[in-house]
Amino acid sequence: EKLGINYARANTLAIEDGQLTGELTGAIVDAQAKADHLLALAKVEGVDVSQVVAVGDGANDLKMFAVAGLGVAWRAKPRVQVEAGARLNGESLLDLLFLFGFTREEIGVLCGETA
């Protein structure tokens, strides 16, 4: 809520005495869970899944890519880059906006930059 994010799905990191343990708690968000969650969100929002863009970097994102209209490998492992519909290897996720037709200037405006 604080970040303005409507939906989030992630593994939960275990913490003991204020320290990360390296373990996970709860249900693991695996490849199938990612694909299922994407399909569920598209349905809830009334969006045709062919209009959904999924972004990931690992082999566990490939099932999600398969159900999305476009799978984007972002700074991904080589296998994922080969199998994804698009690849981005820059430093910023803002580069995704180029795929939607935004210009560098428009992205700058969205980021609060002035000319």
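Any read-out appearing in this document is the output of simple, stated calculations on the displayed coordinates, not a laboratory observation. None of the values given here were measured: they were computed from a predicted structure. Cβ placement follows ideal geometry from the backbone for every residue including glycine, while neighbour counts extend to all protein chains displayed.
What is the distance in Å between the Cα centroid of the range 1-74 and that of the range 88-115? The two parts, judged by their Cα centres, are 23 Å apart.
Within the shell of other residues whose beta carbon sits under 13 angstrom from the beta carbon of LEU88, the net charge comes to -1, with Lys and Arg scored +1 and Asp and Glu -1.
Each label point was placed 7 Å from the Cα along the Cα-to-Cβ direction; for VAL49 and ARG79 their separation is 2.2 nm. Residues LYS63, LYS43 in ascending order of nearby Cβ atoms (within 10 Å, fewest first): LYS43, LYS63.
To check you understand DSSP bridge types, tell me what percent of the beta bridges within the chain (both residues inside) are antiparallel, rounded to 5. DSSP beta bridges in the chain are roughly 35 percent antiparallel.
Only Cα pairs under 8 Å and 6+ residues apart enter the sum, and on that basis the relative contact order of the chain stands at 14 percent. The residues ILE15, ILE5, when put in order of fewest to most other Cβ atoms within 10 Å, stand as ILE5, ILE15. Under the rule a/c < 1.5 gives rounded, and otherwise a/b versus b/c splits prolate from oblate, where does the range 1-57 land using the Cα gyration tensor? Prolate. Evaluating 6.51 cos²θ - 1.76 cosθ + 1.60 at θ = phi - 60° for every residue in the range 39-49, the Karplus couplings come out as 4, 5, 5, 4, 5, 4, 8, x, 10, 5, 4 Hz, glycine and proline recorded as x. The orientation-averaged projected area of the convex hull spanned by the Cα atoms of the chain comes to 9.6 nm².
Full extension of the chain segment joining LEU93 with GLU23 gains 22.5 nm, where the gain is 0.36 nm per residue of separation less the Cα-Cα distance.
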